[in-house]
Amino acid sequence: MKLQQLKYICEVEKHNLNVSATAQSLFTSQPGISKQIRLLEDELGVEIFARSGKHLTHVTPAGKSILESAHDVLLKVDGIKRKAQEYTDETKGSLSIATTHTQARYALPKVINNFIGQYPDVSLHMQQGTPKQIASLASDGEVDFAIATEAIDQFSDLLMMPCYHWNRCVVVPKDHPLAQVAKLSLEELARHPIVTYVFGFTGRSKLDDAFKNAHLEPKVVFTAVDSDVIKAYVRLGLGVGIIASMAYEPDLDGDLVALDASHLFAHSTTNIGFRKGTFLRGYMYDFIEAFAPNLTKSKVHEAQECRTQQELDTLFERKSLPMR
């Protein structure tokens with residue numbers, strides 16, 4: 001059994017069993033990958049992939065178990081390499097992050113700018129996606145960190161740590177009737193067409209829960225994943241916008257009025273996490289603490305020692321988290 005063979009089967013799974021696409025991504029030949037997979041299957045005595053002719057059709061039950069172990073082995077190998085790098089040069093390496101547009105646009109710029117200043121020889125890569133895509137990328141080891149609010153509890157192999165709470169504001173043009181309201185209510189808000197986030201993004205579930213609990217049906221006329229897009233359509237008069245409070249920028253959004261909505265919706269919590277068992281280099285701990293000062297290196301070490309979600313929840317006092 002070779003590490004190369006384990007890498008091949010994991011990459012084939014990643015590319016939806018398309019051996020040709022896998023070969024292109026690894027800059028090798030399709031027959032070479034097929035041969036190595038066959039050799040591994042012969043050595044193990046089981047098929048990892050079912051076939052129809054020359055094409056792979058699906059992962060076998062045995063293959064699912066083998067692939068899970070292969071991912072763990074490759075993760076440990078990556079950890080060994082990182083440990084070696086930590087001793088050869090603590091300031092060089094790479095860091096990859098998967099997150100949503102809201103975090104990338106409003107929460108991360110200052111952190112990343114300072115990090116690059118501190119570690120100019122660390123190459124930083126960012127991917128944006130849905131919360132589920134973000135968690136999946138971290139779970140598969142495609143990125144080092146996932147930063148998200150929604151859908152993270154679906155991946156039990158991730159160690160997710162709470163960073164901060166945040167809430168929402170309602171944005172309207174200055175001449176909108178709601179701009180004159182002293183304290184907004186859900187009933188008043190439900191009377192107007194609403195422009196907000198796509199379900200599953202940026203704490204959208206908290207918004208839906210609030211209206212449901214109040215037995216109100218909001219008229220959501222337009223949804224987007226991008227706060228800037230939502231504000232653009234508010235300016236066009238399509239409806240009132242409900243966005244993360246951090247997404248309202250007084251200097252840039254002076255033509256809009258931001259109304260506090262923290263009393264209408266339960267707060268959401270942004271988390272940062274990584275695959276359990278991942279070896280974190282020194283600069284990775286520094287990045288986590290720069291993004292969430294409550295997550296010191298010692299605190300992250302404690303989190304890594306937790307065996308259950310209950311232990312992890314006990315470790316973090318969510319009531320003491322800062323509000324942004």
- Message: Within 10 Å of each candidate Cβ there may be at most 15 other Cβ atoms; applying that plus a DSSP loop requirement, which trypsin sites (Lys or Arg not before Pro) in region 79-126 survive?
- Response: K92
- Flagged as over-length at 20 Å C-alpha distance, from K7/K64; K276/K297; K14/K132; K83/K132, the pairs are K83/K132
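Find, among the chymotrypsin sites (Phe, Trp or Tyr not before Pro) in region 1-98, those assigned to loop by DSSP (not H, G, I, E, B) with at most 15 other beta-carbon atoms within 10 angstrom. Show your work: numbers first, answer last.
Numbers: sites: Y8, F27, F49, Y87; in loops: F27.
Taking region 1-98 and a limit of 15 other Cβ atoms within 10 Å, the loop chymotrypsin sites (Phe, Trp or Tyr not before Pro) found are F27.
If you scale each eigenvalue of the Cα gyration tensor by 5 and take the root, what three semi-axes come out for region 227-289, rounded to whole angstrom and sorted largest first?
Values: eigenvalues 243, 42, 26 Å².
Computed over region 227-289, the values are 35, 14, 11 Å.
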- Task: Taking only Cα atoms and a 10 Å spring cutoff, compute GNM fluctuations for the chain and point out the largest among Q133, Q24, Q180.
- Result: Q24
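What relative contact order, as a whole-number percentage, does region 1-155 give when Cα pairs under 8 Å and 6 or more residues apart are counted?
Details: 163 pairs, mean separation 27.6, N = 155.
Dividing the mean separation by the residue count of region 1-155 yields 18 percent.
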- Task: Among T196, T91, T102, determine the one that fluctuates most according to a GNM of the chain built with springs between C-alpha atoms less than 10 Å apart.
- Result: T91
- Yeah, region 96-170 with a ≥ b ≥ c from its alpha-carbon gyration tensor (a/c under 1.5 is rounded, else prolate when a/b outruns b/c, oblate otherwise) is oblate
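Readers should treat all values here as calculations from the given coordinates under stated rules, not as data from a laboratory. Note that the coordinates shown come from a computational prediction; the quantities given were computed from them, not determined experimentally. Counting neighbours? That spans all protein chains shown, and the Cβs are built from the backbone with ideal geometry, glycine included.
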